[in-house]
């Protein structure tokens, strides 16, 4: 076997394609949440992007397509995720969306990252996350070797309103992460979170 055939090329993820019967609602949601803009749209497809790529999030609708009211317990894609450069940017996004009435259905400090999970109009879970480590190598090493992570790879819930207040008071990302991991931001809001991520109010029909 040649070196060329033995080598596994590791391509980065380029885009996601979501099936929907709510094309305009989905475009509007992703435009508000992650800033996508429509590159091309016709009756059955919309190609959108939030950077220089020709498309990052695609929506398609086909005749006979319908929603799955039991999608949460079914196998399939659990969620998509988008990465933020700083906790300040992530929480600024939370504050902006909160002002528009869009709230996360769950927020978790996973140890290697802090994340907010939102439900799109079709009930798909969308994660917005920021890394807790300066480099990916450090995050991977933490996941491989940390007894805390091995004991609880899911993490600890936090109320993003409290985190927003702490950022405004001048606490650093590291200080907030350490407090979040110890459960300092758990309250009656986080008590309603569910790791199975059921859509609040059920999946729309």
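Taking helices (runs of 4 or more DSSP H) as the structural unit, those lying wholly within segment 1-117 and holding at least 2 residues that are touching a helix residue (DSSP H, G or I) at 6+ places or on another chain (Cβ under 6 Å) and in the same structural domain as residue 172 (by TED's automatic domain parsing) correspond to 87-99.
Given 171, 103, which one is surrounded by 15 or more Cβ atoms within 10 Å (Cβ to Cβ), within 16 Å of the chain's Cα centre (by Cα), closer than 25 Å to residue 188 by Cα and free of Cβ contacts under 8 Å to residues at least 24 places away in the same chain?
Values: 171 fails: within 16 Å of the chain's Cα centre (by Cα).
After ruling out the rest, the residue left standing is 103.
Criterion first (surrounded by fewer than 14 Cβ atoms within 10 Å (Cβ to Cβ) and over 30 Å from residue 168 (Cβ atoms)) does residue 66 satisfy it? Here the answer is yes, as residue 66 does meet what is asked.
For residue 122, the criteria (1) at pLDDT 95 or above; (2) in a loop (DSSP other than H, G, I, E, B) hold in every case but one, which is (1).
Yes/no per residue for (1) assigned by TED's automatic domain parsing to the domain that holds residue 97; (2) under 18 Å from residue 89 (Cβ atoms); (3) at pLDDT below 95; (4) not in a loop (DSSP other than H, G, I, E, B):
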| position | (1), (2), (3), (4) |
| --- | --- |
| 143 | yes, no, no, yes |
| 149 | yes, no, yes, yes |
| 153 | yes, no, yes, no |
| 161 | yes, yes, no, yes |
| 167 | yes, yes, no, yes |
| 171 | yes, yes, no, no |
| 174 | yes, yes, no, yes |
| 180 | yes, yes, no, yes |
| 185 | yes, no, no, no |
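The values are calculated or read from the model by the stated rules, or taken from the named source; none is laboratory data. None of the values given here were measured: they were computed from a predicted structure. Every residue, glycine as well, gets a Cβ built from its backbone with ideal geometry; the counts of neighbours run over all protein chains shown.
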